[in-house]
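Since every read-out is calculated from the coordinates, none of them should be taken as a lab result. What you see is a predicted model; the values in this text were computed from it and never measured. Every residue, glycine as well, gets a Cβ built from its backbone with ideal geometry; the counts of neighbours run over all protein chains shown.
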Amino acid sequence: MKNPYDEQQTQILARISNNVVKLNETLLEVNQKIEEINEMNSDLVAFSNIWNHYQRNASLYLASTNSIEPSMMRAYYYDNSAADQREAHDSGRPVQVEQLNAIGVHYQRLEGTEEENAAAID
């Protein structure tokens, strides 16, 4: 006796099989696209790691210098010691910017190439 539903079941199984094949192909395409995205993001990960190291080093530096200000110009009186002339010879007595201006020494903080070029023209 022949099952009346054999042909219908065979067609359904064929459709399921075709759909599984199409699904596998689509998943392969999705995996390829994900791999491409991961390759493009690898540079971003490297940059992120570099930035994190920079932030950590900057934090350590600021903590060690007890300063959160960007490094500023420092002027001080020479200590007249006989020590190595290549050393800083900081007497601990700072010279104020106003005192430097009075003797013709001008300090200006430049924040980039355009400002540097403008200052060079002046």
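With each label modelled as a point 7 angstrom along the Cα→C-beta vector, the residue 102-residue 46 pair spans 5.5 nm. Between residue 28 and residue 57, the C-beta separation translates, for a Förster distance of 41 Å, into a calculated FRET efficiency of about 0.40.
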